[in-house]
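Asker: The structure is given below, and queries will be raised subsequently.
The values are calculated or read from the model by the stated rules, or taken from the named source; none is laboratory data. Computed from a predicted model, the values in this text were never measured in an experiment. Ideal geometry is used to build each Cβ from the backbone, glycine not excepted, and the neighbour counts take in all protein chains shown.
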Amino acid sequence: MVTIAKATTDNAALLADIGRISFIESHGHSGPAADIDAYITAKYTPDILQQELSDPGNIYHILYHARQVAGFSKIILHSPHPGIPQQNITKLERIYLLKEFYQLKLGYELLRFNIDLSKKNNEAGMWLYVWKENHRAVNFYTKAGFRITGSYDFKLSETHSNPNHRMLLLY
């Protein structure tokens with residue numbers, strides 16, 4: 001059984017752990033090991049997640065499968081992008097699923113949940129960035145109806161950036 005619950009500040013350590021694991025599983029080979037380690041050390045700490053969860057603009061949800069944590073998502077409503085004409089649009093900032101749950105197709109359920117939430121808030125669509133070399137994720141979003149509309153260099157460190165697609169889904 002799948003359950004999706006809104007995350008609270010009490011979940012900061014859990015989300016930090018999932019974020020580190022999932023980032024390494026999906027992006028661990030995207031740059032030098034020292035850069036990956038520095039990035040996750042800076043971005044996925046309980047303190048950082050506590051701050052993000054305290055910001056009402058960040059909407060986090062935790063995905064459970066059979067009462068086991070499988071992943072999480074983060075969206076930001078009303079997050080326009082200069083390259084997208086719609087102003088009332090949602091940014092999907094993170095959708096992380098632990099590798100052991102990939103074959104269960106739970107990522108689609110979490111994505112659909114966030115799309116429905118976005119629609120309920122009268123948004124016109126959703127946009128995101130995805131690493132171009134993460135073919136699994138690019139295919140996932142393409143199958144869900146997103147299309148590539150631009151690019152972005154994701155700064156992993158001072159010396160390394162990863163090329164990303166900007167993808168868009170209009171409702």
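Asker: Please go through (1) among the aliphatic types (A, V, I, L, M); (2) without any contact (Cβ under 8 Å) to a residue 40 or more places away in the chain; (3) closer than 21 Å to A42 by Cβ for I148 and return the number of the only condition it doesn't satisfy.
Answerer: (3)
Asker: Collect the residues in region 38-83 that are surrounded by 14 or more Cβ atoms within 10 Å (Cβ to Cβ), in a helix (DSSP H, G or I) and of a type outside the set (K, R), keeping them in residue-number order.
Answerer: The answer is A38, Y39, I40, P46, I48, L49, Q50, E52, L53.
Asker: Among E158, E133, which is surrounded by fewer than 18 Cβ atoms within 10 Å (Cβ to Cβ), over 14 Å from I95 (Cα atoms) and free of Cβ contacts under 8 Å to residues at least 12 places away in the same chain?
Answerer: Values: E133 fails: free of Cβ contacts under 8 Å to residues at least 12 places away in the same chain.
Residue meeting the stated conditions: E158.
For every residue, the table says whether it meets (1) of a type outside the set (V, I, T); (2) crowded, with 17+ Cβ neighbours inside 10 Å; (3) in contact with a strand residue (DSSP E or B) (Cβ under 8 Å, 6 or more places away or on another chain).
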site: V138; (1), (2), (3): no, yes, yes
site: G150; (1), (2), (3): yes, no, yes
site: R166; (1), (2), (3): yes, yes, yes
site: L170; (1), (2), (3): yes, no, yes
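Asker: Sticking with this structure for a sec: Would you mind stating whether G57 is touching a Gly at 6+ places or on another chain (Cβ under 8 Å), modelled with pLDDT of 95 or more and not hydrophobic (A, V, I, L, M, F, W, C)? Give the derivation first.
Answerer: Details: touching a Gly at 6+ places or on another chain (Cβ under 8 Å): no; modelled with pLDDT of 95 or more: yes; not hydrophobic (A, V, I, L, M, F, W, C): yes.
When the stated conditions are applied, G57 does not pass them.
Asker: OK, next. I'd like to check something: does region 3-16 contain any residue that is surrounded by fewer than 15 Cβ atoms within 10 Å (Cβ to Cβ), of a type in the set (V, I, T) and touching a Leu at 6+ places or on another chain (Cβ under 7 Å)? Steps first, please.
Answerer: Start the filter on region 3-16 by keeping residues that are surrounded by fewer than 15 Cβ atoms within 10 Å (Cβ to Cβ), which leaves 3, 5-6, 8-10, 13.
Right, trim to of a type in the set (V, I, T) and you get 3, 8-9.
Filter again for touching a Leu at 6+ places or on another chain (Cβ under 7 Å), leaving 8-9.
Yes, some residue in region 3-16 is surrounded by fewer than 15 Cβ atoms within 10 Å (Cβ to Cβ), of a type in the set (V, I, T) and touching a Leu at 6+ places or on another chain (Cβ under 7 Å).
Asker: Something else now. How many residues are in contact (Cβ under 8 Å) with a residue 60 or more places away in the chain, hydroxyl-bearing (S, T, Y) and not in a helix (DSSP H, G or I) if we restrict to region 1-37?
Answerer: Qualifying residue count for the region: 2.
Asker: From the list N162, N88, N134, N139, which one is polar (S, T, N, Q) and either within 21 Å of P56 (Cβ to Cβ) or touching an Asp or Glu at 6+ places or on another chain (Cβ under 6 Å) (or both)? Let's see the steps before the verdict.
Answerer: Details: N162 fails: either within 21 Å of P56 (Cβ to Cβ) or touching an Asp or Glu at 6+ places or on another chain (Cβ under 6 Å) (or both); N134 fails: either within 21 Å of P56 (Cβ to Cβ) or touching an Asp or Glu at 6+ places or on another chain (Cβ under 6 Å) (or both); N139 fails: either within 21 Å of P56 (Cβ to Cβ) or touching an Asp or Glu at 6+ places or on another chain (Cβ under 6 Å) (or both).
On inspection, the qualifying residue turns out to be N88.
Asker: Kindly indicate whether any position in region 108-126 is buried (at least 16 other Cβ atoms within 10 Å of the Cβ) and assigned to a strand (DSSP E or B).
Answerer: Yes - at least one qualifying residue is present in region 108-126.
Asker: Let me ask something else. Please determine whether any residue of region 15-28 is more than 23 Å from E100 (Cβ to Cβ) and of a type in the set (G, A, S). Give the steps one after another, and end with the answer.
Answerer: Taking region 15-28 and keeping what is more than 23 Å from E100 (Cβ to Cβ), we get none.
No, region 15-28 has no match at all.
Asker: Which condition does P163 not pass, out of (1) touching a Ser or Thr at 6+ places or on another chain (Cβ under 9 Å); (2) part of a helix (DSSP H, G or I); (3) modelled with pLDDT under 95, if it passes all the others?
Answerer: Only one criterion in (1) touching a Ser or Thr at 6+ places or on another chain (Cβ under 9 Å); (2) part of a helix (DSSP H, G or I); (3) modelled with pLDDT under 95 is unmet by P163, namely (2).
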